[in-house]
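These notes concern the structure reproduced below.
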Amino acid sequence: MSDTHAESIRFVRETTLPQAEPPVAERGIYKWGRENLFATPGNALLTLIALYVIYVVLSAVLPWLLNGVWNASSLSECREILAGETGGCFAVLVDRWQQLLFGFKYPSAEYWRPALAFVLFFVAAAPVLFFDLPRKMLAFTALFPFLAYWLIWGGPVLVPVVALVGFVVGYLAYAKLVTRSFAGGFFGGIAAAAVTWIIGGFIVDWLSGPSSLLRAVPSRDLGGYMLNFMLGVTCVSLSVPFGIALALGRQSSMPLIKWVSVVFIEFIRGVPLITLLFVASVMLAYFFPPDSNVDLFLRVVIMITMFSSAYIAEVIRGGLAALPKGQYEAADSLGLDYAQAMRLIILPQALKISIPGIVNIAVGLFKDTTLVSVISMFDLVGMIRGPILASTDWNGVYWELLGFAALLFFVVCYGISQYSQWLERRLATDHR
Amino acid sequence: MTEAVKSPAQMTVSDEVAISIHKMNKWYGTFHVLRDIDLTVNRGERIVICGPSGSGKSTLIRCINALEEHQKGTIEVDGTLLSSDLKNIDKIRSEVGMCFQHFNLFPHLTILENCTLAPIWVRKTPKKEAEEIAMHFLEKVKIPDQADKYPGQLSGGQQQRVAIARSLCMRPRIMLFDEPTSALDPEMIKEVLDTMIELAEEGMTMLCVTHEMGFARQVANRVIFMDQGQIVEQNEPEEFFNNPQSPRTQLFLSQILGH
């Protein structure tokens, strides 16, 4: 009797067929290759062309990378060692890495200070970026700006201490007065902080002798990638809160606040960053009291922060507009006041929507910090264009230096991008 | 709906005034939405407000907790006169709970956090106590097991019950419902109405904009019919449904009951 009863309509299976392997062409690498590389004749042709392009690129780049010279004191020595063969002259990085990272005026005995500040930066940033970490770590985050200032600029320790005390006094005054009215708390806090700083300034002048624990380094001696990184971190972390304030201000029902925000945003967005930087380096002095000497670094930070906060404000405004009106009404109907509703309900959702836009601006801002090289600050690009390429030893080493600069920026920007994607996944609670 | 429900007349209505609205008018631009509204609600009353769309019924109850501003006349809630003073408004809002047509839960917070947020920040209740209160009300609306989920993971009916629990966590003395079942599938309407009936039985003062006429018959002690921004007719449910006086009420009832 046959197994399948094929000749009858009635059918009963009496045996189970053994499980069989799929045909060779339908499994593993054959299947993958056939489907992805050689699916059609056109597809196969493209694969071959792509392989050829990869070969050409690698055959040029690999010898340059692998055959590179890492030990030489000048470009001509590099060329002697290479003796006509292809190869990069990476010796310039070995020779000048300190200048590339720290600038050419930062005292080399003090390199550990910015390096330590750099390491501590990650400790300080961690609880802000990864909110599963214990909240107590935020205390260090709050202290970090003052600590980093003292490490990088050195000088009397009282300066950052007075700055910190000013903030604390301002906050205490705010907390005391805000129960009566927000405006009173806001301006009272600012006034209290300003008074503390002025008094503190006299105390610092009076107490500080010539000797201090850390040698003072003036702002004009900062340079290299350190300068880009400091500008990037400072301006991003300042422009997000300012951007939020501007976005909320633009939505405000109070005409004065609304129009100040609108005019600020529209004006700043209508002006090229490089113009603002020239204003910072040359013209801003006209706006300060005649005998005041506001630091160039601070002026540049103010300008870049203003510039990017205007953009961030518009991104956040988009996030705010995307929220349904019902969220505002629900918050109102529960009796939350404006500050609570914004902080607990509206901003967490609006900022989540705005993450890609904010990150876009942060990445752009970080790369735009290289523009300070045109106002004669020696950041990474400024160092390469100026002291290094102008030196007789390394005149003409473009690919290696600019490739290194590109690599440094890429690492940070790619890191920011990956973080933002992780953050978006982490915050995705509404459509699960 | 449960059989043990007491008839509307049996549920207690006290003489104490909860809301009193006097000659209240509201305009959207030049459009006169609410015209000379006079309404007094005693504590323990369950009032159903119905009427054609655009008649101002939602706007009326949204004026009571100042989600909408009125331009003329007075609204007094629990003896507090509603003015433009923010302190007054926040005080009234924390006494008056509100449920919306589209629930308006906070999608970035868990169910439990949705319920504890206002008690913690407005009432300054300690977190632990707020969570106990929240679990109590989540049990009451029969979804304590969903406390750690996010609103997006719940069905519409469950979300609306959470919204009710969220309002109750503030221990309101008055509840406003703005078409709480209009955005729900038919089989979910019952679970929300059951919750509201239970609330009514406990003596909550309720103002409810709804088209659920069964609910009105069973729970309300007063039905208000609004048209073109005015209160056209109000009566006890039996009289209102069986013997409507105004021709506009008759037309409306024949349209919604006639299918």
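Structure values in brief
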quantity	calculated
³J(HN,Hα) computed for each position of the stretch A:167-172 - Karplus, 6.51 cos²θ - 1.76 cosθ + 1.60, integer Hz, glycine/proline x	4, 5, 4, x, 5, 4
Rounded, prolate or oblate (a/c below 1.5 giving rounded, otherwise prolate when a/b exceeds b/c) for chain A by Cα gyration tensor	oblate
Helical contribution to [θ] at 222 nm, DSSP H n ≥ 4, -39,500 (n - 2.57), averaged over chain A, rounded to 500	-21500 deg cm²/dmol
Accessible-area order (highest first, 1.4 angstrom probe) of the listed residues A:TYR52, A:TYR311	A:TYR52, A:TYR311
Pair B:GLN234, A:ILE198: separation of 7 Å Cα→Cβ label points (nm)	6.1
Estimated 222 nm signal from helices in chain B, with DSSP H stretches of n ≥ 4 weighted -39500 (n - 2.57), rounded to 500	-11000 deg cm²/dmol
Shielding of A:334-346 by partner chains, average beta-carbon count, 10 Å	6
DSSP loop GluC sites (Glu not before Pro) with at most 13 other Cβ within 10 Å: longest gap in chain B	B:70-201
Occluded residues from the stretch A:384-432, i.e. those whose accessible area drops by 20 Å² or more once the chain is not alone (1.4 Å probe)	A:THR429, A:ASP430, A:ARG432
Shielded by partner chains, the stretch B:92-141 residues - at least 20 Å² of accessible area, 1.4 Å probe, vs chain alone	B:ARG93, B:PHE100, B:ASN104, B:PHE106, B:PRO107, B:HIS108, B:LEU117, B:ALA118, B:TRP121, B:VAL122
The stretch B:125-157-the stretch B:229-256 distance, computed between alpha-carbon centres (Å)	38
Filtered trypsin sites (Lys or Arg not before Pro), the stretch A:163-268: DSSP coil and at most 10 other beta carbons within 10 Å	A:ARG180
Helix B:111-121 vs. chain B, principal-axis angle (Cα, 0 to 90°, nearest 10)	80
Cross-link pairs A:LYS325/B:LYS72; B:LYS127/B:LYS149; B:LYS128/B:LYS149; B:LYS23/B:LYS57; A:LYS325/A:LYS352 - those with Cα-Cα distance over 21 Å	A:LYS325/B:LYS72
Whole-angstrom gap from the stretch A:156-215 to the stretch B:158-178, using each part's C-alpha centre	46
Principal-axis tilt of helix A:138-153 within chain A, Cα atoms, nearest 10 degrees	70
The stretch A:126-163: chymotrypsin sites (Phe, Trp or Tyr not before Pro) falling in loop per DSSP and having at most 16 other Cβ within 10 Å	A:PHE130, A:PHE131
Solvent-accessible area per residue, Å², over the stretch B:133-237 with all protein chains present [probe radius 1.4 Å]	34
Helix B:86-95 vs. chain B, principal-axis angle (Cα, 0 to 90°, nearest 10)	80
The stretch B:113-259: C-alpha gyration tensor shape, a/c 1.5 cut-off, then a/b vs b/c	prolate
Solvent-accessible area per residue for chain A (1.4 angstrom probe, square angstrom)	58
Under 13 Å, Cβ to Cβ, from A:PHE378 - net charge with Lys/Arg +1 and Asp/Glu -1	+2
Coil-residue trypsin sites (Lys or Arg not before Pro) of the stretch A:1-103, DSSP, other Cβ within 10 Å capped at 16	A:ARG10, A:ARG13, A:ARG27
Fraction of antiparallel bridges per DSSP, the protein assembly as shown only, in percent to nearest 5	50
Percent accessible area from carbon and sulfur atoms, chain A, protein chains only, probe 1.4 Å	70
Probe 1.4 Å - accessible area at A:CYS78, Å² to nearest ten	0
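The values are calculated or read from the model by the stated rules, or taken from the named source; none is laboratory data. Quick caveat: nothing in here was measured; it's all calculated off a predicted structure. Reconstructed Cβ throughout: ideal geometry from the backbone, glycine too, with neighbour counts over all protein chains shown. Keep in mind that these areas ignore ligands, DNA and RNA; they rest on the heavy atoms of the full protein, side chains included. Shrake-Rupley method; radii C 1.70, N 1.55, O 1.52, S 1.80 Å.
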